[in-house]
Amino acid sequence: MPNTGIVKYHVKLSFDVDGLVEKADIIGAIFGQTEGLLGPEMNLNELQKVSKVGRIEVNTTSTSNQTKGDALIPMSTDISTAALIAAAIESIDKVGPFQSHFKLEAIEDVRSAKKKEIVDRAKEIVQKWSTKTISEGDEMLKDVSEGGSTGKLTTFGSEKLACGSGVFDSPWIILVEGRADVINLLRAGFDNALAIEGARIDESIKELCASKSKVIAFLDGDRAGGFILKELKAMVNIDVVHRAPEGVEVEELTPQQIVDILRETAEDMKKETAKPKLHDPKDELIADVAKKVYPDLNESLEAVALDERLNELFKVPVSEVVGKLSSDSGIKYLVLDGIITQRLIDAAKEAGIECVIGHRTANLKKTDGLVLKTFTELGVA
């Protein structure tokens, strides 16, 4: 009958018979000569009825006066029952009229073998699909990086050193070893790298680095990178040092690895770049005035009037400031948390005010010689 149970073990036996017999003779001997040896609960016929034993498979080869072969018995019993039945089969000494010898070769745990097959197959799947996924992921990252970077490969100085086009305007610079490193950083979205080609630092590079708020050295993770770093530090003020992992060159890094290595430095530079800066050094005095009142004035929707000694004359809501101005007020600076309008300028001019500071200016027709500044221009906001 077909085996409908879950096979746990394969009992494998070999045999030899001193005579010519058929497969049916072997199966008959297995069932007939083990019957009653182990009690009714271990009778092979009964076990087969309840799907504890599957269909016995027998293979034979015959010579002129001998039959050899093997038998496989699928079993859904526990290991102890399988072992007892195997031992009972080994006790068979005759098949028909002929002497015989049965020997247990193995009790194979089918579930263990199946688990191994599953694990091996899973490893194949992981190998195939993770490689594919990583490959596709790298390509996607490369596409995004190259698409997101507006930088281009160009050259710097009389030596025509390779660099990203952002080197000239960026507030920070990344010094790398070679042209391939510059290209790799461009792929990762960094267009401010300059290849020093073995620490070939001339005056133009020193001047370029001196003009930057931060100079980064990003070098290979080998011994040569260490030597180049020493030479660099002797000629240029290096603010931050980054190295590729040991034994790895910068040109070998993936875009994501470059982003990970430079992330903290890039974030710091972004914050620094975002800090307000005074647009014109000539406005430093006016900027000091704005800085003095801005913390209390910002988001208050008020205006404050100061005399030439920066004494506060009054503070009123922006909506009331025009009506508060007069020609004998002695106001020199008018600072407001709002927009500088034409109406305000006209009133300020009549009041003899010299400078008006606000968040932004409206579309003005005339300024009448008044100094108008925004908090952004003064590096305050």
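Shape of the stretch 153-274 from its Cα gyration tensor (a ≥ b ≥ c, root eigenvalues): rounded if a/c is under 1.5, otherwise prolate when a/b > b/c, or oblate?
rounded
Applying both filters, DSSP loop and at most 14 other Cβ atoms within 10 Å, to the GluC sites (Glu not before Pro) of the stretch 1-62 gives GLU22. Helical runs assigned H by DSSP (4 residues or longer) give the chain a calculated mean residue ellipticity at 222 nm of -12000 deg cm²/dmol, each run adding -39500 (n - 2.57) before division by the residue total. Where the alpha-carbon atoms of the stretch 281-374 are placed on the principal axes, they occupy 28, 28, 25 Å, in descending order.
With a simple spin-label model that places each label point 7 Å from the Cα along the Cα-to-Cβ direction, the separation between ASP78 and SER91 comes to 2.1 nm.
Taking 7 Å steps out from each Cα toward its Cβ at LYS68 and ILE6 produces label points 3.8 nm apart.
Look at [x] 23.3; [y] 24.1; [z] 30.0: the one that is Kirkwood radius over Cα pairs in Å derived from this structure is [z]. Principal axis analysis of the Cα atoms in the stretch 9-108 yields extents of 40, 25, 19 Å, listed in decreasing size.
The calculated FRET efficiency for GLU284 paired with LEU153, based on their beta-carbon distance and R0 = 51 Å, is about 0.80.
Between 0 and 90 degrees, the angle of helix 110-148 with respect to the longest Cα principal axis of the chain falls at about 20 degrees. Computed from Cα atoms, the angle from the helix 79-90 axis to the main principal axis of the chain rounds to 30 degrees. If the chain linking ALA210 and GLN257 were pulled fully straight, counting 0.36 nm for each residue of separation and taking away their Cα-Cα distance, it would gain 14.1 nm. About the centre of its Cα atoms, the chain shows a dipole size close to 440 debye [charges on the beta carbon of Lys, Arg (+1) and Asp, Glu (-1) only; nearest 20 debye].
If I take R0 = 51 Å and measure r between the Cβ atoms of SER112 and GLU264 in this structure, what FRET efficiency does the formula 1/(1 + (r/R0)^6) give, to the nearest 0.05? The calculated FRET efficiency here is 0.55. Note on the chain: dipole from Cβ charges, positive end direction compared against SER326, ALA290, PHE168; the farthest Cα belongs to SER326.
A short reminder: the numbers here are calculations on the coordinates, not readings from a lab. This one's a predicted model, so the numbers in the text were calculated from it and none came from an experiment. In this analysis, Cβ positions are derived from the backbone assuming ideal geometry, glycine residues included, and neighbour counts consider all displayed protein chains.
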